[in-house]
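Worksheet: one structure, shown below.
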Ligand code: NAI
């Protein structure tokens, strides 16, 4: 058994170079935790300005963490602390290269993680190109929340080397990553994705390619059931949220959570699932959710959803 394990380890390319597509909120977070874990990272977006914006965001996050990390040292020597902070930030951000060139970004990739727009056509188009330009051994992973990884993989000729790596927002803070295997994902690919998830210091769970994987398959219907209670007038929104916070110890009630995630996002997830699985009643659309979205009440980000959010006070200048 040992020799076959060793042979497998040798046959497999260890993951050193990670290329991430999409320098938005999720992609930048994934790039940050990958660089912190010591990987060489390429962060790709449609323009180099967008990719660089992603890196700038990472830099300020890492710098903030570094200030906390060296706060003790700063009490005795501000100069030494500043120097340690600078080195720490440089070491991490120095491992990340921003680019808008697909071919060179994937030429030496061992793992590619896609975190671009949640649109099946756009993702398939990208995976077709990744399949054409990434090395044969490279694993292609998607961070999709609501699409089928199987459908994304179908654009490639390496379905055994495609899987889901579903991170949670914000990536540097949230501990979980779901490792999604399709019917075609090989054992080696699955094992490599699990190892990668652990190496970026996440708790990993494995699951099949079913709608919402584990977390969203439970959370989205919970939120929809809460909206249906509200629609029927079974309880007020405040009471529904208070019930789940104080009766089930959830950190946020389901309606608050919807506002936090974005009602537009929730609505589009549920629309997609309802179309693909019309018989699953838990995925039925909700008139109230549809109405709020048509009124552009998306939750926190627009200032109103189920609740009204006063505009954030301007940050004090530093
Ligand atoms: P975002 O809108 O912040 O970032 C997406 C980025 O991808 C943008 O910078 C865009 O310019 C770039 N992009 C679009 N097409 C591209 C292409 N062909 N090549 C390179 N870059 C391209 O979106 P966000 O929130 O980061 O989500 C990204 C993915 O992560 C989606 O699939 C989403 O479902 C998934 N996800 C999102 C979560 C969230 O809470 N926001 C949680 C877990 C997964």
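Throughout, read-outs are computed from the coordinates displayed, never taken from laboratory work. What you see is a predicted model; the values in this text were computed from it and never measured. Note that we place each Cβ from the backbone using ideal geometry, even for glycine, and neighbour counts take in every protein chain shown.
Once the Cα-Cα distance is subtracted from the 0.36 nm per residue extended length, the residue 132 to residue 218 segment shows a gain of 27.3 nm. Starting from the Cα gyration tensor of the range 192-318, take the square roots of the eigenvalues, sort them a ≥ b ≥ c, and report rounded, prolate or oblate (rounded when a/c is under 1.5, otherwise prolate if a/b is larger than b/c, else oblate). Because a/c hits 1.5 or more and a/b fails to exceed b/c, the range 192-318 counts as oblate. Ranked for footprinting exposure by Cβ neighbours inside 10 Å, fewest first, 268, 236 give 236, 268. Taking a ≥ b ≥ c as the square roots of the eigenvalues of the Cα gyration tensor, an a/c ratio of 1.5 or more together with a/b no larger than b/c marks the chain as oblate. For the pair residue 46 and residue 174, label points projected 7 Å from Cα toward Cβ lie 2.4 nm apart.
Normalised by the number of residues in the chain, the mean separation of alpha-carbon contacts (under 8 Å, six or more apart) gives a relative contact order of 12 percent. Spin-label pair residue 295-residue 239: with each label point 7 Å from Cα along the Cα-Cβ axis, the two points sit 2.1 nm from one another.
The slack in the chain from residue 188 to residue 302, taken as 0.36 nm per residue of separation less the alpha-carbon distance, amounts to 36.7 nm. Stretched out straight at 0.36 nm per residue, the stretch from residue 313 to residue 210 would grow longer than its current Cα-Cα span by 33.0 nm.
Cβ-Cβ distance of residue 87 and residue 25, R₀ of 25 Å, FRET efficiency by 1/(1 + (r/R0)^6): the value works out to about 0.35.
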